[in-house]
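Okay, structure first, notes after.
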């Protein structure tokens, strides 16, 4: 990744878009193969200069405040609050049982998002709940009956993979289309894939580009990755090394190493300036512009410390 950035920005090496493309594509391919969430890993990257002007330190407790607020409403039977509480607990790796409890409460109270989320949880392999494609499909169907795009995409995925139901690309396409038309990112991505592969619909690279663009605009890493592939090969679009490299760079920067932004920021807030500086410096050399800005800020503000 660092070598790709050096070729890209001509740092101590002759500029070569093709070389930058090659290295970024290698990393992006690895990152994309690990993506399990809807949009890939999105780490909050705080620019220290902006942080000093608009401090966010008071937001550290916002999660606990939200939990208490949703708890109050959930105890009163508010289905939306129960769903929100389920989401908050789901984001905590140690509170999955509570997430499942509140998702079920919300689903029983008619919340279609909670139904779809339960479908998602039962359809995926994890350490907390036994995978059950039939149960997942039932939750997706209940959700889709209410017009929920996540539920529609879930049914589309079941038909696409033949999970709990006989594989049927035409029906999968139908449900992904319903989902995508409501702006749901997973539906958009899958339409792009199906148009690209000619699955359940006539192959159409132009339409594939359209839906991959929609998915990328919604923040899906695989939308960026597939667009990068098409621009790198000139499939459905004019070949552009520059565009392909930028797209692959976006995906590459979502790798697990980006979690160092959180580590660096926490060290900075705790006053461990030198340690924070070294982590930001490492990220800066990988090509993260915000990390480069933070290195410059620390050098400018605290030269004696470093």
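Hey, with R₀ at 30 Å, roughly what FRET efficiency would residue 104 and residue 168 work out to, going by the Cβ-Cβ distance, to 0.05? About 0.55, to the nearest 0.05. Counting beta carbons within 10 Å around each of 211, 257, 8 and listing the fewest first gives the order 257, 8, 211.
A crude spin-label estimate for the pair residue 263 and residue 18, with each label 7 Å from Cα along the Cβ direction, gives 3.7 nm. Shown for 193, 155: other C-beta atoms within 10 Å of each C-beta, ranked fewest to most, produce the order 193, 155.
Find the all-direction average of the projected area of the Cα convex hull for region 198-306, expressing the result in square nanometres with one decimal place. If I average the Cα hull's projected area over directions, I get 8.4 nm².
Computed from the C-beta positions of residue 199 and residue 128 and an R0 of 30 Å, the FRET efficiency is 0.40 to the nearest 0.05. The label-point distance for residue 256 and residue 278, in a model that sets each label 7 Å from Cα toward Cβ, rounds to 2.1 nm.
Calculated FRET efficiency, residue 66 to residue 217, Cβ-Cβ distance, R0 = 22 Å: about 0.20 to the nearest 0.05. Site pair residue 92 and residue 241 shows an inter-label distance of 5.1 nm when each label is modelled 7 Å from Cα along Cα→Cβ.
Would you mind calculating the relative contact order of the chain from Cα pairs under 8 angstrom and at least 6 residues apart, reporting the percent as a whole number? It rounds to 17 percent for the chain. Remark: the Cα gyration tensor places the chain in the oblate category, a/c being 1.5 or greater and a/b not exceeding b/c.
Where a number appears in this text, it was derived from the coordinates with a stated rule and is not lab data. In this text the structure is predicted, and so the values were computed from the model without any measurement. Glycine also receives a Cβ, built like all others from the backbone with ideal geometry; neighbour counts cover every protein chain displayed.
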